[in-house]
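For reference, the structure discussed in these notes is given below.
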Amino acid sequence: MSQLRLAVLNAAHEDANTTRNFRRELDASLAEFDVTEGEVPDGFEFDGAVVTGSRSSVYWDEDWIDATKEWVGSAIDRGIPALGVCWGHQLLADVLGGTVADMGTYEVGYSPIEHDGNSRLFDGISREFTAFTSHSDEVADLPPGADPIAENEYSNHGFRKDRVFGVQFHPEYDTKTARELVHRKDLSDDRRESVLDEITAANYRDACEAKLVFDNFVEFVREVTATGPAVEADTAGCATTVGSSNDRPN
């Protein structure tokens, strides 16, 4: 079986942990682009796209963010499946017409999250599961036509619209990544120690269940690839939808 080719839009500002984590979790041939340095793919010869987390906010006025949004929007218009994680989740929501905003608090550490039980992205994952989180922005309003598929007391933690999926939590994090993130955050001493105390082998094992979202996404991409593109660009640059029997709700 041939390997899928995925574009990984890395927005992590040269954090080596991000490259390591996504290479470990995604069973595909990866072409990585440092979007913070203005790198985006020249074209759209990919089976799928993944957008990583970032220290930035989606709504900041920065050229690299605009360029990333432009490429992602064009990829979605061409029917390329996409998965966004944390900042990537927010960027995909923004591109599709949702609203991203500061939620007025900071969620960090291993958090309980609940999915709706219907989304293929969460196949094999307990209805209530644990994942590492780190965000102060949220998808405040979902894109028109998007389905919420996961949430907790802080915010939406997952959505789907057509071939686009977003998750607010970090299924890719290992304990090294989590500890380094907590150390560089502006936290009170008490909160920092409290979160660091949560980063244990036991909690990491519990959170590993959430990594199945990567396998589920890759399998979804494989199904889409087998049926051909969902849209064809017309000469005016618009998109004409072509149906696919493998696109099922959620």
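The values are calculated or read from the model by the stated rules, or taken from the named source; none is laboratory data. This structure is a prediction, so every number in the text was calculated from the model and none was measured. Glycine also receives a Cβ, built like all others from the backbone with ideal geometry; neighbour counts cover every protein chain displayed. Heavy atoms of the whole protein, side chains included, go into the accessibility calculation; ligands, DNA and RNA do not. Shrake-Rupley method; radii C 1.70, N 1.55, O 1.52, S 1.80 Å.
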Task: Kirkwood hydrodynamic radius of segment 1-124, Cα pairs, Å - done: 15.5
- [ ] Pop out the ³J(HN,Hα) list for segment 48-60 in order, Karplus 6.51 cos²θ - 1.76 cosθ + 1.60 with θ = phi - 60°, rounded to Hz; leave Gly and Pro as x.
- [x] x, 9, 10, 10, 8, x, 7, 7, 8, 10, 4, 8, 5
TODO: Kindly provide the Kirkwood hydrodynamic radius of the chain in Å, to one decimal, from all pairs of distinct alpha carbon atoms.
DONE: 18.2
Open item on the list: Please list, by residue number, every one of the GluC sites (Glu not before Pro) in segment 1-68 that is coil in DSSP and has at most 10 other beta-carbon atoms within 10 Å.
Closed with: 14, 45
Open item on the list: Under a crude label model (7 Å from the Cα following the beta-carbon direction), how far is residue 45 from residue 105 in nanometres?
Closed with: 4.9
- [ ] Per DSSP H run of at least 4 residues, take -39500 (n - 2.57); add these up for the chain, divide by its residues and hand me the 222 nm value, nearest 500 deg cm²/dmol.
- [x] -9500 deg cm²/dmol
- [ ] Provide the gained length on full extension for the span residue 191 to residue 175, in nm with one decimal, where the gain is 0.36 nm per separating residue minus the Cα-Cα distance.
- [x] 4.0 nm
Open item on the list: On a 1.4 Å probe surface of the protein chains, which of 190, 47, 174 comes out largest in accessible area, and what is the full order?
Closed with: 190, 47, 174
Task: Of 186, 34, 66, the one that fluctuates the most in a GNM where the chain has Cα springs shorter than 10 Å - done: 186
Open item on the list: Explain nothing, just the number: relative contact order of segment 1-155, from Cα pairs under 8 Å at least 6 residues apart, as a whole percent.
Closed with: 20
- [ ] Take segment 174-227, drop everything but the C-alpha atoms, weight them equally and run the Debye formula without solvent; then report log10 I(q)/I(0) at 0.21, 0.30 Å⁻¹ to two decimals.
- [x] -0.79, -1.09
Open item on the list: Run through segment 151-200 and list the GluC sites (Glu not before Pro) located in a DSSP loop whose Cβ has at most 10 other Cβ atoms within 10 Å.
Closed with: 153
Task: For segment 1-57, radius of gyration divided by Kirkwood radius, i.e. Rg to Rh on alpha-carbons - done: 0.96
Open item on the list: Viscosity 1.306 mPa s, temperature 10 °C: what is the translational diffusion coefficient of segment 60-170 from Stokes-Einstein with a Kirkwood Rh over Cα pairs, rounded to a whole number of µm²/s?
Closed with: 112
